[in-house]
Amino acid sequence: MKDLTWKVLSSEYTHKGDWATLRRDRCEMPDGRIKDPYFVLEYPNWCNVVAITDEGKIVMVRQYRHAAGIVSLELPGGVIEKGEAAELGIKRELLEETGYAFDNFELLCVVYGNPATANNHTYCYLAKNGKKVQEQSLDEHEEIIVEEYTIAEVKQLLADNKIAQALHCTNLFYALMKLGEI
């Protein structure tokens, strides 16, 4: 198979931030052509979870997403902290955002939101038999409404294009397959 990998000749940072970093690369393609500049967004890795309660409901969250200018229905999830294992990150995010705790987490897939321009990936989990154990413990700028849906309702929300976050739709697809629902 032909090697399609680019060689990075140089890199410089245009912006470094807590949530996003912009890097400018100079690359050589396998045939010798030079691509300059090639911009890469560096983000921390993310995680999300299809969390199913003891009653068989999927826990979802609704929150405002400023970049898109929408109120988005999503799965619980967020940033994996530096040095944190992905499973610990999703357990923490789920508890903070929803107040639900789960003991059993299964990694369904690891996906890239946009591997052409961003370097991070997302760990997608399935958790079952959860219980509400505390109130939310939100970050300073988070406002999150917790909602519960049946599997049939979530399938209809997907069919009606009511879940806009592509990485969350991906996890729902894998979870529904795993559960024998599609």
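Checked against the criteria, residue 51 does not count as under 19 Å from residue 120 (Cα atoms) and at pLDDT 95 or above.
Restricting 13, 100, 112 to residues that are closer than 30 Å to residue 135 by Cα and out of contact with any Asp or Glu (no Cβ under 6 Å at 6 or more places or on another chain) narrows the list to 100.
In this structure, is residue 61 part of a strand (DSSP E or B), open to solvent by less than 90 Å² (accessible area, probe 1.4 Å) and touching a Ser or Thr at 6+ places or on another chain (Cβ under 7 Å)? Yes; evaluated as a whole, the condition is true for this residue. Before we move on, is residue 152 surrounded by fewer than 16 Cβ atoms within 10 Å (Cβ to Cβ) and small (Gly, Ala, Ser)? So residue 152 fits the description; yes. Summed over the range 64-80, residues that are under 13 Å from the mean Cα position of the chain (by Cα) and assigned to a loop (DSSP other than H, G, I, E, B) total 3. Scanning the range 65-80 for residues that are touching a strand residue (DSSP E or B) at 6+ places or on another chain (Cβ under 8 Å) and either without any contact (Cβ under 8 Å) to a residue 24 or more places away in the chain or surrounded by fewer than 13 Cβ atoms within 10 Å (Cβ to Cβ) (or both) yields 65, 70, 71.
Among the residues making up the range 111-133, those that are open to solvent by less than 70 Å² (accessible area, probe 1.4 Å), closer than 22 Å to residue 54 by Cα and of a type outside the set (A, V, I, L, M) are 124, 125, 130.
Of all the numbered requirements in (1) under 15 Å from residue 75 (Cα atoms); (2) touching a residue at least 12 places away in the same chain (Cβ under 8 Å); (3) open to solvent by 90 Å² or more (accessible area, probe 1.4 Å), residue 163 misses one, and that requirement is (3).
When restricted to residues that are surrounded by fewer than 19 Cβ atoms within 10 Å (Cβ to Cβ), assigned to a strand (DSSP E or B) and without any contact (Cβ under 8 Å) to a residue 60 or more places away in the chain, the range 81-107 contains 3. Scanning the range 18-45 for residues that are open to solvent by less than 70 Å² (accessible area, probe 1.4 Å) and closer than 20 Å to residue 112 by Cβ gives 20, 21, 22, 23, 25, 27, 38, 40, 41, 42, 44, 45. Applying the condition of being in a loop (DSSP other than H, G, I, E, B) and within 11 Å of residue 99 (Cα to Cα) to the range 133-148 and asking which residue is nearest to the chain's Cα centre (by Cα) yields 138.
The values are calculated or read from the model by the stated rules, or taken from the named source; none is laboratory data. Just so we're clear, the structure is a prediction, and the values are computed from it rather than from any experiment. No Cβ is skipped: glycine too gets one built from the backbone with ideal geometry, and neighbour counts run over all protein chains shown. In case anyone asks, the SASA skips ligands and DNA or RNA and just uses the protein heavy atoms, side chains included. Shrake-Rupley method; radii C 1.70, N 1.55, O 1.52, S 1.80 Å.
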